[in-house]
Ligand code: ADP
Ligand code: MG
């Protein structure tokens, strides 16, 4: 368990995310086959496999370098909406990151918010549009609420992950208003949004990493 987000924590997070996305790739692709083009699982798996290879080859030396490296890889290796949106998330996290090699829980909350603001700036999705924003928004709320209430990083990160999982499940009855799924209109109802599901996986992996539960 740690109360500081160090480069080591971030590296554990991203490696664990890559493992989880590998395990969940088929499920993510199945979700995307219902309301998209059946590539979300393969997109995410390909992107995170490339990120891990890059971390091995060129270990980042600062928080900002770390986030920038992840973001650049996502933009260049992942096609589709999710590549540029998750890429923007990490590139804007790089911009918001404090100098150095570690940050507090409050810093983490601010940095993640800055990243999500970047995703909204690029994709213009609002909560309820049936996108990854429906996982990120309740997660950010839960994270800052938990920290304001005096929770430590691990507890706050777990609350954020649970809120993201719930937010993702809650996309099922929604009509998609952004991205490829929006072409289906009412026919998108009854399916969980794939991007919200991958966001929940990433935030659960972060909670595992700070709790010391990641491999
Ligand atoms: P593509 O739709 O190009 O095939 P992916 O299948 O990898 O890309 O990713 C689809 C996911 O991207 C969706 O499930 C949704 O969560 C997310 N997404 C699409 N458009 C937007 C948007 N404008 N804002 C936020 N998220 C979006
Ligand atoms: Mg797709």
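When the Cα atoms of the range 80-168 are aligned to their principal axes, the ranges along those axes come out at 36, 32, 15 Å in descending order.
Modelled label positions at residue 126 and residue 65, each set 7 Å beyond Cα in the direction of Cβ, lie 4.2 nm from each other. Net length available on complete extension from residue 107 to residue 189 is 25.8 nm, with 0.36 nm assigned per residue and the Cα-Cα distance removed.
Were the residues from residue 182 through residue 169 laid out at 0.36 nm apart, the gain over their Cα-Cα distance would be 2.9 nm.
For n ≥ 4 DSSP H runs only, could you compute -39500 (n - 2.57) per run for the chain, divide by its residues and tell me the 222 nm figure to the nearest 500? So the calculated ellipticity at 222 nm is -23500 deg cm²/dmol.
With contacts defined as alpha carbon pairs under 8 Å and 6 or more residues apart, what's the relative contact order of the range 162-215 in percent? Kindly include the intermediate steps, with their values, before the conclusion.
On the way: 51 pairs, mean separation 20.1, N = 54.
Answer for the range 162-215 is 37 percent.
With each label modelled as a point 7 angstrom along the Cα→C-beta vector, the residue 72-residue 34 pair spans 3.8 nm. Contact order for the range 106-159, expressed relative to its length and based on alpha carbon pairs under 8 Å spaced 6+ residues apart, stands at 30 percent. Once C-alpha pairs closer than 8 Å and six or more residues apart are averaged by separation and normalised to the residue number of the chain, the relative contact order reads 26 percent. If you run the Gaussian network model on the chain, springs between alpha carbon atoms under 10 Å, then out of 151, 114, 142 the most flexible one is 151.
How big is the shadow of the Cα convex hull of the range 4-211, averaged over all directions, in nm²?
Its Cα hull, projected and averaged over all orientations, spans 9.7 nm².
Just so you know, all these numbers are worked out from the coordinates, no wet-lab data involved. Here the structure is a predicted model, which means the values were calculated and not measured. No Cβ is skipped: glycine too gets one built from the backbone with ideal geometry, and neighbour counts run over all protein chains shown.
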